[in-house]
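The values are calculated or read from the model by the stated rules, or taken from the named source; none is laboratory data. Predicted model, so just to flag it, every value in this text is computed and none were measured. Reconstructed Cβ throughout: ideal geometry from the backbone, glycine too, with neighbour counts over all protein chains shown. Ligands, DNA and RNA are excluded from the accessible area calculation, which covers all protein heavy atoms including side chains. Shrake-Rupley method; radii C 1.70, N 1.55, O 1.52, S 1.80 Å.
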Amino acid sequence: VQLVESGGGLVQAGGSLRLSCAASGRTFSNYAMGWFRQAPGKEREFVAAISWNGGNEYYADSVKGRFTISRDNAKNTVYLQMNSLKPEDTAVYYCAADRDYGLVLSPHEYDYWGQGTQVTVSS
């Protein structure tokens, strides 16, 4: 599976961005998807995950109520809607795919990763 993220950029605190991750190469609906982020000097951290059919979602406490993960299997795309952004959300955001049908939370379980997209939130 090849994954390509887009939608990152510079936004003021309180603003919104929507990240997209387009998948190709395999049957997208066979994969659980996740979003992770990595800030400078920090480890990659879990942000959100979604099951193969979008029926189940899970969020990190730090983004719960502000971010929404969704997927469109017809378009082979997973999204991350980010609202009420904070400076601490600044990071490179990565999408990932795992050959699983449920929720996958650990980065070590994911088989495929995108190249990342930078999100910068100014105060």
Subset of the range 1-41 that is among the β-branched types (Val, Ile, Thr) and in a loop (DSSP other than H, G, I, E, B) - its residue that is most open to solvent (accessible area, probe 1.4 Å)
Thr27
Scan the range 54-67 for residues that are touching a residue at least 40 places away in the same chain (Cβ under 8 Å) and in a loop (DSSP other than H, G, I, E, B) and jot them down.
Asn56
Return only the number of the condition from (1) open to solvent by 10 Å² or more (accessible area, probe 1.4 Å); (2) under 18 Å from Gln12 (Cβ atoms) that Ser70 does not satisfy.
(2)
Restricted to the range 84-114 and to residues being touching an Asp or Glu at 6+ places or on another chain (Cβ under 7 Å) and part of a loop (DSSP other than H, G, I, E, B), the residue surrounded by the fewest Cβ atoms within 10 Å (Cβ to Cβ) is Asp111
Options Ser122, Ser51; residue that is touching a residue at least 24 places away in the same chain (Cβ under 8 Å), loosely packed, with under 15 Cβ neighbours inside 10 Å and of a type in the set (Ser, Thr, Tyr)
Ser122
Just wondering, is there one or more residues in the range 68-80 that are touching a Phe, Trp or Tyr at 6+ places or on another chain (Cβ under 6 Å), assigned to a loop (DSSP other than H, G, I, E, B) and touching a residue at least 24 places away in the same chain (Cβ under 8 Å)?
yes
